[in-house]
Every structure is written in structure tokens, then in C-alpha cells.
Amino acid sequence: MIAQTDTLSCDILICGAGIAGSALACALRNRGYSVVQVELSDRPLDTARGDHFQCVVVDILEQWGALDAFWAAGAEKRHGAIYCSDTDDVLLQSDYSDLPIPHPYYAYLHHELIGDTFLKLAAENPNYTLFRPARAREFEVGPEGIRSLTLKLPEDHAAPDGFTPGQTVIIKPRLVVGADGRGSRVRDVLGIPAQAHEYDNPLVVLFAPRSEMDPLNRVITYMGSHGTLTKVPRAFGGWKIGFPIRKSDIAFWKTATPKLRRNAIAARAPHLEHLEAEVGGFYPVKLVNTDRWVQGNTVLVGDACHAMHPARGQGMNVAIRCLAKMLPLLPDPSDLANADVLHQRLKAYESSVKPAIDKVLADNHARGEEMDSLDAAVIARSAAAMKMINDNPEMLRRYRLQSAGYADPLGTPSTL
Ligand SMILES: Cc1cc2nc3c(=O)[nH]c(=O)nc-3n(C[C@H](O)[C@H](O)[C@H](O)COP(=O)(O)OP(=O)(O)OC[C@H]3O[C@@H](n4cnc5c(N)ncnc54)[C@H](O)[C@@H]3O)c2cc1C
């Protein structure tokens, strides 16, 4: 039987349904656009990745009418963060509760549940179609950007209503969003240059049962001569623990007995000597910064144009904050067919936001280099810098505002 080919026109094609793509589909749901989304994987997103929404992002979720869905999905509140030495001396203590902001707390939920929650909300749009699993690969590109995407639906998976497995679909979008992550295919077919930096040391992520209750659910980072280690609260109980290791130590972490794991963790944070942690995965860390975000009718978002070291827990948050800045600039659905207007609006978004992201990436890189270092002298310098901030009330207030996502290069309300 010859599989049928259909043409599907839409206002917006989103390639990728990680957090950037799913958040965008959610934010667009009540705005009158027809949206088609294509996601390569039919597996849940990786639970080890970004799971804490900054305070400023909590506010964005509320503005999108999405916040209640996150509480319903199990999100919890975190009220602060602590940095301490490997002997448990507090270097810096940061608490958001008295900041003059609408939501003085972070909200956290497993990464894959964040994605699912966004996609459930996205499906409230009566003109929303999700092809999953399906690989966005065959693009027709012209001077105006991306003209079409030819999708071959897999034979062995159910297709969305109105489509059949094995069918070929030609998608003709007015606007294309490349939300397909660090190795973006959209970026590559458009030939958008990207600068990349690979950090020396991968991160290992471990999961452990919650060993102690802190009513403020704070993140704790230990900074000692063996390197830094961060212990992050997980929704529904549990810790996520992350730290840089040498590539040559991956074999150790893959095979270490519980006792050897406990000893290795205790070397960085003696306080955690009894923690029973299981290895979740290893993450090579890379910074990616593209020269531009826009080509014709296409714009890149999220890790596709700005992937960064997780040292500051910013990648997912920055992606959502950029979307919140892009949305008001998009032409209305009735004006989207005007390619010149669309391109001008996308360029206006790029020129107003990218300089701030370049600064965020530079700041994040400095912090990433510190976290990447296993050199005791570098860690001691970072620890001393933390202590200096902690001892100066004005610096500490600014630090807390910046962590919350206010008063940093992207957060405009710097008068707080
Ligand atoms: C260990 C770790 C911890 C982190 N912690 C934090 C944190 O605490 N806070 C924070 O803000 N950030 C954190 N981050 C970063 C954050 O997870 C990422 O910045 C964010 O998830 C990127 O989302 P994205 O949607 O841009 O990209 P991705 O998550 O990479 O999503 C891209 C999606 O596109 C799909 N795709 C790829 N190619 C195609 C194709 N050709 N066709 C169709 N689909 C395609 C992929 O399957 C994927 O689902 C962390 C990252 C790591 C690795």
C-alpha cells in the first residue's frame, strides 16, 4: 500500500518538546494560533535535568495561567539556599522570603513532570497537534527561512487524530521555532554559527532518599578541597546530588559499591557520610552560544541557542524567561502571513534580548569554570567570595534578588 501524503499548514511549528518547546506550546495555547509540535522521543524527559523554577519564572507561569497545574502535579516550594564548607561552616545563606517580589520562593518538580504539565496545558489549544515520536529532519529551506518540514510518521506508533502511522506529512508553517536542544538540527540546516566550549569535567548526578527535613527545603552546596557538591531537594521527597568528576572517574562511579559511594561523597561533604545514593547519570557539560537566533521566519530558543553549565541552575529558567519576552512581540495570528513583519518582530526580539543572554552566559561561564575546577585553591577562592557576599548586607540582598531572577541582565526590575 502506498502511504498517503498530506499537507498541513499551521501558524507555528515547534521542533522539540523539551522544556523550551513544551513551555512555548503551553504559553501559546490561548492566543489563537494553530500550533504543530514535533518531538523525536516518546520517552519521558530526563529527570536529572532542570527542576527548580526561579521566583521570576513562577511569576511567568502565573501570568500564563499555568501555575496551578504545577501545584496540582506535585510542585513544592523552596525558600532558600546555603553554601557551606566541607566542615559544615556556613559561607552564605540566602533566603527569598522577604524579597519584594510576587512569589518569594522557587518551585520545584521533576523535569519530566514539568514537561508533561506544559504539554497537557498545550493540548487545551483546539488547534494543537503533537507528532511524537517523529524526527524533524527534512526541511526545505529558502531565503525566507524554513518553508516546510517533511515528516515520516513511524509505522509502529499511534498517530494523532486525522493521521495514520507510516504516513508522510508535509508541514507548511508561517513561523518555525527551533527548540531542539544543544545539538539543534534546525540551527544546523539554517547554517547558524555557534560557539561552543566543553568543560573539562562531566557532572555525576545521584539520587538519594531525603535524609533530613528542612522546612525551607533549601539547596545546600558544599565547597571543600575535594570539589563542590550540591544537594537539591526533589518533589515527593528525595535529594538530587550533583558534582563534577574527572572523566577517568566515571568507571569508578559506574561500579562503586554503596560503601565506596558513601566514602566518596563524604570526602566532599562529611555531613553526608550516611547517605545511600544511587547513580542517575553522567553529563558532559558544554556551553553553546549562537551568533544569532533568527533567520527569516525561524527563531531558536532554549539550549538550541544558549546552552550553559548547570552551576547556577539557569538553563531551563533562562529559556522560559526568553519565551516570556518573545511572546508579546509575535504578530497576531491574522498578521503572521506577512513574512516581512514576522521577520522584523523576531529580529526585534533578538536585538532586545540576546545582549542580555550573552552577559548571562559570560557570568554563568565564570561560575561554571569555578564549579568545574577540582583545584582546592580555586574552590577556596570561590568560598571566600561567598563569605564576603554573606557578610555585606547590600551585596547579599543583591545576590538574593539575582538568584530569584530579578536584577540580573535579563530581569529588568533592577530598582527593587
Ligand atoms: C544535570 C543537569 C542539571 C540541570 N539543572 C538545571 C537547573 O537546576 N535549572 C535550570 O534552569 N536548568 C538546569 N539544567 C539545564 C536545563 O535542563 C536545560 O537548559 C533545559 O532543559 C533545555 O531545554 P531545551 O528544551 O532547550 O532542550 P532539551 O531539553 O535538549 O530539549 C530538546 C528536545 O528536542 C528534541 N529533539 C532534538 N532533535 C530533534 C529533532 N530533530 N526532531 C524533533 N525533536 C528533536 C529532543 O528529543 C528534546 O526533547 C540542567 C541540565 C543538566 C544536564
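The values are calculated or read from the model by the stated rules, or taken from the named source; none is laboratory data. What you see is a predicted model, and the numbers here were worked out from it, not measured in a lab. Neighbour counts run over all protein chains shown; Cβ positions are idealised from the backbone, glycine included.
Select from region 219-236 the residues that are farther than 16 Å from V205 by Cβ and at pLDDT below 95 and list them in ascending order.
Within region 219-236, M223, G224, S225, H226 qualify.
Across region 308-323, what is the number of residues that are under 25 Å from M386 (Cα atoms) and more than 6 Å from the ligand (Cβ to nearest atom)?
Residues in region 308-323 being under 25 Å from M386 (Cα atoms) and more than 6 Å from the ligand (Cβ to nearest atom): 5 in total.
Please verify whether P209 is out of contact with any strand residue (DSSP E or B) (no Cβ under 6 Å at 6 or more places or on another chain) and not aromatic (F, W, Y), treating the condition exactly as stated.
yes
Answer with yes or no whether L175 is more than 20 Å from A307 (Cβ to Cβ) and within 21 Å of the chain's Cα centre (by Cα).
no
From L287, L329, L346, L342, grab the single residue that is closer than 28 Å to A107 by Cα and more than 16 Å from the ligand (Cβ to nearest atom).
That would be L329, the only listed residue that is closer than 28 Å to A107 by Cα and more than 16 Å from the ligand (Cβ to nearest atom).
Identify all residues within region 297-312 that are buried (at least 23 other Cβ atoms within 10 Å of the Cβ) and assigned to a helix (DSSP H, G or I); write none if there are none.
G302, D303, A304, A311
Is it the case that region 66-81 has a residue that's in contact with a Gly (Cβ under 6 Å, 6 or more places away or on another chain) and either modelled with pLDDT under 95 or not assigned by TED's automatic domain parsing to the domain that holds M388 (or both)?
No: zero hits.
Of all residues in region 128-149, count the ones that are farther than 30 Å from H197 by Cβ and loosely packed, with under 15 Cβ neighbours inside 10 Å.
6
May I ask you to list the residues in region 1-52 that are modelled with pLDDT under 95 and among the hydrophobic types (A, V, I, L, M, F, W, C)?
Across region 1-52, the qualifying residues are M1, I2, A3.
Would you list the helices (runs of 4 or more DSSP H) that sit entirely within region 1-103 and hold 3 or more residues that are within 14 Å of F118 (Cα to Cα), away from the ligand (no atom under 13 Å from the Cβ) and without any contact (Cβ under 8 Å) to a residue 60 or more places away in the chain?
Output list reads 67-72.
Sort out which residues of region 248-282 are surrounded by fewer than 19 Cβ atoms within 10 Å (Cβ to Cβ), within 16 Å of the ligand (Cβ to nearest atom) and either within 20 Å of L374 (Cβ to Cβ) or of a type in the set (G, A, S) (or both), and write them in order of number.
Correct list: I250, W253, V279, G280, G281, F282.
Pairs, please: C-beta under 8 Å, at least 6 apart or cross-chain, first residue over 25 Å from A48 (Cα atoms) and in region 106-135, second more than 12 Å from the ligand (Cβ to nearest atom) and β-branched (V, I, T)?
As it stands, the answer is N125/V35; N127/V35; Y128/V35; T129/V35, since those pairs meet every condition given.
Could you list, in sequence order, the residues of region 214-244 that are within 14 Å of the ligand (Cβ to nearest atom), of a type in the set (A, V, I, L, M, F, W, C) and not in a strand (DSSP E or B)?
Once the filter is applied, which keeps residues that are within 14 Å of the ligand (Cβ to nearest atom), of a type in the set (A, V, I, L, M, F, W, C) and not in a strand (DSSP E or B), region 214-244 yields only A235.
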